[in-house]
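Read through the structure below, which is laid out as structure tokens, and then see the notes.
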Amino acid sequence: MIDEIKKYIAEAEDFQAKTLEEVEQFRIKVLGSKGLLKDYFAKFKSVPNELKKEFGQTINAWKNIAENKVAELKESLESQETNKNEWGDLTRPAAPIALGSRHPISLVKNQIVDVFSRIGFNVSEGPEIEDDWHNFTALNLPEYHPARDMQDTFFVQTNPDVLLRTHTSSVQVRYMEENKPPIRTISPGRVFRNEAISARSHCIFHQVEGLYIDKEVSFADMKQTLLYFTKEMFGKSKIRLRPSYFPFTEPSAEIDIYWGLKTETDYKITKGTGWLEIGGCGMVDPNVLTNCNINPKEYSGFAFGMGIERIAMLLHQIGDIRMFYENDMRFLEQFKSSF
């Protein structure tokens, strides 16, 4: 019997399996409650006394080798199974990478830039942390000017002369200081005002402002430029300019487009008039040109500005400006097909 057990020991040492099922069958065959080891342990009583020691040592060795082999194969096969579940079939094509989408603010800004680039406007940029001169004084808003109260400003406490820009007109001032006419530029960017956050207003928003300076620039040139923009951006061919006031332009006007009254939404956003304000404009004040070292007797120009969020809300029928800043994936994923 000892020789039989030694054969089983050799089989156990040489045993290999490709699946956990094969390992389990081997365990049941050798170590199970009705397995071979059980039978040989039962035969221990019939072994002669002089062979019992060797018989016992041999059968225990068989048991230990079988148990170690089962544990070793199980660990190896379970590890392979885990890797397979984790990585899958590495020969299969990879899953497509999920593509993101541009933010609606970026989409509309790019549209605006594209429209004005067709008629010769370039893009200029400047710092968001600005000084008093470029944000106020150079734009005909000297210290203690009452019009400064129109813009609730975030000042940097350590330096009262430094602030977060309240409009991108400061970029235009820098551009005029560094470039000679003719000038034709737009300045899109983020601006900051200390305003209460609601569905219609926010303390952070985006503007795009345009500037055109050359010889003999007229109010009619400005109107035709804005009419071209509204046709290309909104498909609307009717605008009006209402008299208004801005410290850095004279005369100044509000820009209205005729949105129409075809739907209930049209009535709501235009308050039943069909007209919708989209921004402000005017002829550049001679004092602003002088502050930027441009001779107002030789050159004239016009400027305009509008909110990018407002235009995005109109184009995409978005009812709450706060949605642009909440990073809600359900909202942003709606713009995946946009360019």
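Part of a loop (DSSP other than H, G, I, E, B), surrounded by 13 or more Cβ atoms within 10 Å (Cβ to Cβ) and more than 29 Å from the chain's Cα centre (by Cα) - does that describe any residue in segment 204-213? Taking every residue of segment 204-213 in turn, none turns out to be part of a loop (DSSP other than H, G, I, E, B), surrounded by 13 or more Cβ atoms within 10 Å (Cβ to Cβ) and more than 29 Å from the chain's Cα centre (by Cα).
Screening the candidates Phe121, Phe155 for the property of being modelled with pLDDT under 90 and touching a strand residue (DSSP E or B) at 6+ places or on another chain (Cβ under 6 Å) yields one hit, Phe155. For segment 131-178, the set of residues classified as more than 17 Å from Gly280 (Cβ to Cβ), touching a residue at least 40 places away in the same chain (Cβ under 8 Å) and not in a helix (DSSP H, G or I) consists of His145, Asp152, Thr153, Phe154, listed by residue number.
The sole residue among Leu51, Leu20, Leu31, Leu36 that is more than 30 Å from Gln80 (Cβ to Cβ), aliphatic (A, V, I, L, M) and surrounded by 12 or more Cβ atoms within 10 Å (Cβ to Cβ) is Leu51. With respect to the stated conditions, Glu264 is among the acidic types (Asp, Glu), free of Cβ contacts under 8 Å to residues at least 40 places away in the same chain and either loosely packed, with under 15 Cβ neighbours inside 10 Å or touching a strand residue (DSSP E or B) at 6+ places or on another chain (Cβ under 6 Å) (or both).
Here Ile308 meets each of (1) within 30 Å of Ala98 (Cβ to Cβ); (2) among the aliphatic types (A, V, I, L, M); (3) modelled with pLDDT of 95 or more with one exception, condition (3).
Considering the conditions (1) surrounded by 14 or more Cβ atoms within 10 Å (Cβ to Cβ); (2) at pLDDT 95 or above, Gln224 is excluded by exactly one of them, (1). Identify the residue in segment 39-48 that is surrounded by fewer than 17 Cβ atoms within 10 Å (Cβ to Cβ) and either among the basic types (Lys, Arg) or in contact (Cβ under 8 Å) with a residue 40 or more places away in the chain (or both) and, among all such residues, is nearest to Asp14 (Cα to Cα). If we take residues in segment 39-48 being surrounded by fewer than 17 Cβ atoms within 10 Å (Cβ to Cβ) and either among the basic types (Lys, Arg) or in contact (Cβ under 8 Å) with a residue 40 or more places away in the chain (or both), then Lys43 is nearest to Asp14 (Cα to Cα). Scanning segment 177-215 for residues that are within 21 Å of Thr290 (Cα to Cα) and of a type in the set (Val, Ile, Thr) returns Ile183, Thr185, Ile186, Ile213.
The values are calculated or read from the model by the stated rules, or taken from the named source; none is laboratory data. Just so it is clear, the model here is predicted, and its values are computed rather than measured. Cβ sites come from the backbone with ideal geometry, for glycine too, and all protein chains shown count toward neighbours.
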